[in-house]
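One structure is given here, and the rest of the page talks about it.
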Amino acid sequence: MIIKSAELFNRQGYAGSSLSDIIAATGIQKGGIYRHFSSKDEIALEAYHYAASIVGSRFSEAIAKAETASERLLAYFRVYENVVDEPPFVGGCPLQNTAVESDDTHPLLRERAAQGLENTLSAMKSMIQEGIRTGEFKESLDAEALATFCLSLLEGGIMLSKLEGNNRHMQMNMSSLSAYLTKCCLKEERLS
């Protein structure tokens with residue numbers, strides 16, 4: 001039930017998904033749903049957790065294959081580089097979809113999305129700090145600002161690509177970030 005509900009919410013949104021939609025997607029009748037969950041809100045929280053964990057696993061797999069901090073940052077983009085045809089989770093980015101929809105309407109979902117944002121930024125910042133410690137990145141680099149920039153490029157690329165129905169925005173953002181990291185962030189001796 002959580003898997004189908006997560007897919008439904010990520011495609012149609014929380015407000016756009018009724019209990020009838022959940023019943024149709026899962027095949028579980030109302031009584032069966034309420035035997036496990038007290039409300040649609042409770043289902044939504046579990047569904048978001050599930051969707052975010054699937055995407056998080058995909059990020060972890062991609063990051064594990066990367067050897068440098070730059071490659072680890074770009075790994076996030078590789079997970080979403082074909083977001084239009086093969087998103088890591090049905091409907092796109094659960095963080096983005098939940099954050100946009102729950103901004104002013106659903107405080108508990110907003111809290112979950114805010115925690116997802118914090119976790120992702122923290123992971124990116126740690127990668128950048130590790131790159132500074134190992135000498136890959138310039139010591140003067142602002143790790144927090146670069147993490148915010150990277151995540152903004154990622155989420156913006158996802159949104160633009162999905163809206164247009166074309167992956168070119170993700171591809172352009174990947175290329176732009178790669179060029180930016182090479183030109184502005186890498187230590188001079190790493191470039192030669």
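The values are calculated or read from the model by the stated rules, or taken from the named source; none is laboratory data. All figures in this text were calculated on a predicted structure; none of them were measured in a lab. Because the Cβ atoms are built from the backbone with ideal geometry, glycine has one as well, and the counts that use them run over all protein chains shown. These accessible areas exclude ligands, DNA and RNA; they are computed on the full protein's heavy atoms, side chains included. Shrake-Rupley method; radii C 1.70, N 1.55, O 1.52, S 1.80 Å.
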**Prompt:** Taking interchain pairs and intrachain pairs at least six residues apart, which have beta carbon atoms under 8 angstrom, with the first residue in the range 163-192 and open to solvent by 60 Å² or more (accessible area, probe 1.4 Å) and the second modelled with pLDDT of 90 or more and aliphatic (A, V, I, L, M)?
**Reply:** N166/V84; S176/L153
**Asked** If you take the residues of the range 1-52 that are under 20 Å from L108 (Cβ atoms) and β-branched (V, I, T), which of them is modelled with the lowest pLDDT?
**Response** I33
**Asked** For the range 1-55, what are the residues that are open to solvent by 60 Å² or more (accessible area, probe 1.4 Å), among the hydrophobic types (A, V, I, L, M, F, W, C) and out of contact with any helix residue (DSSP H, G or I) (no Cβ under 7 Å at 6 or more places or on another chain)?
**Response** A24
**Fill in**
Scanning the range 164-175 residue by residue, those closer than 15 Å to D85 by Cβ, in a helix (DSSP H, G or I) and not acidic (D, E) turn out to be R168, H169, M170, Q171
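Quick one: which of E139, E155, E101, E130 is open to solvent by 30 Å² or more (accessible area, probe 1.4 Å), more than 25 Å from V84 (Cα to Cα) and either modelled with pLDDT of 95 or more or in a helix (DSSP H, G or I) (or both)?
On the way: E139 fails: either modelled with pLDDT of 95 or more or in a helix (DSSP H, G or I) (or both); E155 fails: more than 25 Å from V84 (Cα to Cα); E101 fails: more than 25 Å from V84 (Cα to Cα).
Of the residues listed, the single one that is open to solvent by 30 Å² or more (accessible area, probe 1.4 Å), more than 25 Å from V84 (Cα to Cα) and either modelled with pLDDT of 95 or more or in a helix (DSSP H, G or I) (or both) is E130.
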**Item:** Selected residue [crowded, with 19+ Cβ neighbours inside 10 Å, farther than 27 Å from G131 by Cα and not small (G, A, S)] from P107, P88, P94
**Value:** P94
**Asked** Pairs under 7 Å by beta carbon, first residue among the charged types (D, E, K, R) in the range 113-138, partner open to solvent by 40 Å² or more (accessible area, probe 1.4 Å) and modelled with pLDDT of 95 or more, six or more apart or different chains?
**Response** K125/E144
